[in-house]
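**Student:** A single structure is presented below for examination.
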Amino acid sequence: MSLIKGVDEGPGGLRLISDVIQEKLGITMSVLMGANIANEVADEKFCETTIGCKNKDHSSLLKELMQTENFRVTVVEESDVVEICGALKAAVIRLGLMEMIAFARIFCTQGPVSSATFLESCGVADLITTCYGGRNRKVAEAFAKTGK
């Protein structure tokens, strides 16, 4: 099972990392991606993940091996979609930051709009914090724990 986020760029174009591993090692691959951060998993905080596994015989075994009281696992057959979701996350954040800069340049006409300001806490740091640890994530976690 691969937990690697990203794609490989080669002479044939872009390829999923799991496809490269499968080709090099000759093994069947599954992938694990999702709303989890390694240190939170290690601290046994509530997290969830999605496993992409095309082999139905392996699906239930992987879920049984990985799921705990604090680590919710969903298994789907579309391993390529699961992997591309993990790979594109950073690109979406980067594009979001670029949109913030473009909007500021249109909206903020009183003076200069420096890209460097977006590297401060108010910009990229706040964007990442909101994506990974903001109110919405905490509300979702509370809902998952309590069902309310």
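The values are calculated or read from the model by the stated rules, or taken from the named source; none is laboratory data. Note that the coordinates shown come from a computational prediction; the quantities given were computed from them, not determined experimentally. Virtual Cβ from ideal backbone geometry, glycine too; neighbours counted across all protein chains shown. Calculation scope for accessible area: heavy atoms of the full protein, side chains included, ligands and nucleic acids excluded. Shrake-Rupley method; radii C 1.70, N 1.55, O 1.52, S 1.80 Å.
**Student:** Between residues in the range 15-34 that are among the polar types (S, T, N, Q) and residues that are open to solvent by less than 30 Å² (accessible area, probe 1.4 Å) and assigned to a loop (DSSP other than H, G, I, E, B), which pairs lie under 7 Å by C-beta distance while being six or more apart or on different chains?
**Tutor:** From residues that are among the polar types (S, T, N, Q), the pairs are S18/M29; Q22/M29; S30/C53.
**Student:** Within the range 1-28, can you find the residues that are of a type in the set (A, V, I, L, M) and either outside any loop (DSSP other than H, G, I, E, B) or under 27 Å from C131 (Cβ atoms) (or both)?
**Tutor:** M1, L3, I4, V7, L14, L16, I17, V20, I21, L25
**Student:** With the requirement that a residue be within 26 Å of Q22 (Cβ to Cβ) and surrounded by fewer than 16 Cβ atoms within 10 Å (Cβ to Cβ), what does the range 42-57 give you? It would help to see each step written out before you state the result.
**Tutor:** Step one: list which residues in the range 42-57 are within 26 Å of Q22 (Cβ to Cβ), which gives 48-57.
Scanning the range 42-57 gives K54, N55, K56, D57.
**Student:** Give the number of residues within the range 76-123 that are β-branched (V, I, T), surrounded by 11 or more Cβ atoms within 10 Å (Cβ to Cβ) and modelled with pLDDT of 85 or more.
**Tutor:** 7
**Student:** Hey, can you tell me all the residues within the range 21-41 that are open to solvent by 40 Å² or more (accessible area, probe 1.4 Å) and at positive phi?
**Tutor:** Listed by number, the list holds a single entry, G26.
**Student:** Right, something else. All but one of (1) open to solvent by 40 Å² or more (accessible area, probe 1.4 Å); (2) in contact with a strand residue (DSSP E or B) (Cβ under 7 Å, 6 or more places away or on another chain); (3) without any contact (Cβ under 8 Å) to a residue 24 or more places away in the chain hold for M66; state the number of the condition that does not hold.
**Tutor:** (3)
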